[in-house]
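Step one of this worksheet: look at the structure below.
The values are calculated or read from the model by the stated rules, or taken from the named source; none is laboratory data. Treat the numbers as computed from the prediction; the structure is a model and nothing was measured. Glycine gets a Cβ as well: all are built from the backbone with ideal geometry, and neighbour counts include every protein chain shown. Only protein heavy atoms, including side chains, enter the accessible area calculation; ligands, DNA and RNA are left aside. Shrake-Rupley method; radii C 1.70, N 1.55, O 1.52, S 1.80 Å.
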Amino acid sequence: MKLIYISSGYGGIYQAFDQWIADSFIDSPISCVKLERDSIPAHMHKIRTFSPDFVLMMIGDHVPKEWLHQFKQEKIPIILWMTEDPFYTDVSAACACNAQLILTIDEGTLSFYKQLGADHTYYFPIPTNTRVFQKKKSPYEACTYDIALVGYPYPNRIKAIDTLIHQNKWRILVAGKEWHRHVNKLRKRYRDLTLVTNWLIPQQMSEIYEQSAIVLNPHRPAQFAYNRNKAMIQNMSLNNRAFDIAASGSFQLTDINPPNAFSSFAFYTNEDDLIEQVEYYVSNVEKRKEVALNNYEQVIRWNTFETLPYRLYEIVKSAL
């Protein structure tokens with residue numbers, strides 16, 4: 001089986017995703033040629049010669065429509081991987097008509113795409129890269145932080161951190177752009193609050209996970225003001241950060257009740273529950289260790305870049 005992978009055209013973490021995806025197909029059942037989206041016109045002869053079974057791209061909105069139409073004319077099936085679901089469904093819905101197969105990172109959008117006529121739609125979360133997010137050989141040494149949260153300050157994350165800071169009990173780290181707008185004043189009152197405001201590369205995220213007793217992982221809200229989700233589809237699935245944290249062998253608390261495939265993940269339901277669970281897990285190293293190990297085993301078994309080609313192969317073989 002052969003595929004053309006077209007880079008997403010997005011910056012930030014997507015540049016890493018583009019490379020990790022292409023690398024995952026080395027020594028796999030699928031031969032892959034990676035192309036930058038801007039280079040498609042210059043490589044159409046190469047594409048025809050390669051004769052791919054399908055083209056894979058993330059979302060597809062940064063690829064000019066005329067080239068999507070060109071693939072259709074060449075009778076090369078298009079697979080779109082909707083990696084911002086459900087928060088970007090206004091955009092992904094407009095792209096869906098170009099695809100013969102849709103992969104979505106959130107199970108909450110499966111029925112949405114099928115209502116649009118996309119019968120071949122599958123749940124396919126972004127995997128973790130085990131070369132970056134690695135379990136330590138001798139984990140559970142003394143932690144630098146009791147609680148860490150890495151990511152954009154969505155309202156639910158701000159509320160969770162604010163709740164925990166005001167307990168004035170724990171060493172807390174928050175990392176990500178814009179956090180200074182929300183916690184700068186609190187730093188003067190709470191000496192155990194650490195703030196990191198620069199964008200972190202994946203390796204730096206992994207280091208933070210390893211140094212933390214609890215990694216807090218509240219998910220982006222479906223109602224966030226800057227989403228493009230007019231249908232107000234509620235996210236149901238774990239984000240890719242959950243898999244990275246698990247692959248690092250670290251313990252996490254999330255705010256989504258996980259599906260059966262990831263049933264070992266601990267979650268909280270409200271701020272009072274969050275406080276109770278943090279109290280419990282901060283002081284109970286063995287229980288953290290047990291849950292983190294179960295998380296690790298569930299993720300490594302199924303959702304890594306090493307397993308991606310094989311899972312994709314099975315879907316494509318049955319659907320196209």
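Annotations
- Residue match in the stretch 27-37 (condition: more than 24 Å from Lys317 (Cα to Cα), touching a residue at least 40 places away in the same chain (Cβ under 8 Å) and in contact with a Ser or Thr (Cβ under 8 Å, 6 or more places away or on another chain)): no
- Of the numbered criteria (1) open to solvent by less than 10 Å² (accessible area, probe 1.4 Å); (2) farther than 26 Å from Lys135 by Cα, the one Arg228 fails is (1).
- Taken over the stretch 193-219, the residue count meeting the criterion of being among the β-branched types (Val, Ile, Thr) and more than 21 Å from Asn129 (Cα to Cα) is 3.
- The stretch 1-30, residues that are over 23 Å from Leu68 (Cβ atoms), modelled with pLDDT of 95 or more and among the β-branched types (Val, Ile, Thr): Ile26
- Within the stretch 94-124, the set of residues being assigned to a helix (DSSP H, G or I) and touching a residue at least 60 places away in the same chain (Cβ under 8 Å) comprises Glu107, Gly108, Thr109, Phe112.
- Count of residues meeting criterion [in contact with a Ser or Thr (Cβ under 9 Å, 6 or more places away or on another chain) and of a type in the set (Ser, Thr, Tyr)] in the stretch 266-306: 3
- Meets criteria (touching a Lys or Arg at 6+ places or on another chain (Cβ under 6 Å) and touching a residue at least 24 places away in the same chain (Cβ under 8 Å)) for Tyr152: no
- Whenever a residue of the stretch 253-273 is touching a residue at least 40 places away in the same chain (Cβ under 8 Å), its partners that are basic (Lys, Arg), lying with C-beta atoms within less than 9 angstrom and at least six residues away or across chains, give the pairs Glu271/Lys159.
- Of all residues in the stretch 6-31 being within 19 Å of Ile78 (Cα to Cα) and hydrophobic (A, V, I, L, M, F, W, C), the one that is farthest from the chain's Cα centre (by Cα): Ile30
- Some residue of the stretch 259-282 being under 24 Å from Met82 (Cβ atoms) and in a loop (DSSP other than H, G, I, E, B): yes
- When restricted to residues that are touching an Asp or Glu at 6+ places or on another chain (Cβ under 9 Å) and part of a strand (DSSP E or B), the stretch 146-172 contains 2.
- Candidate set from the stretch 257-273 (those that are under 18 Å from Ala160 (Cβ atoms) and modelled with pLDDT under 95); member that is most open to solvent (accessible area, probe 1.4 Å): Asn257
- Residue check, Ala225 of a type outside the set (Ser, Thr, Tyr) and under 20 Å from Lys289 (Cα atoms): no
- Selected residue (criterion: nearest to Glu279 (Cα to Cα)) from residues of the stretch 143-193 that are open to solvent by less than 50 Å² (accessible area, probe 1.4 Å) and of a type in the set (S, T, N, Q): Thr163
- Yes/no for Phe133 being aromatic (Phe, Trp, Tyr), touching a helix residue (DSSP H, G or I) at 6+ places or on another chain (Cβ under 6 Å) and either at pLDDT below 95 or crowded, with 20+ Cβ neighbours inside 10 Å (or both): yes
- Inspection of the stretch 183-192 identifies no residue that is within 20 Å of Asp85 (Cβ to Cβ) and charged (D, E, K, R).
- For the stretch 194-219, taking the residues that are open to solvent by 70 Å² or more (accessible area, probe 1.4 Å) and of a type outside the set (S, T, N, Q), the one that is farthest from Asn168 (Cα to Cα) is identified as Ile201.
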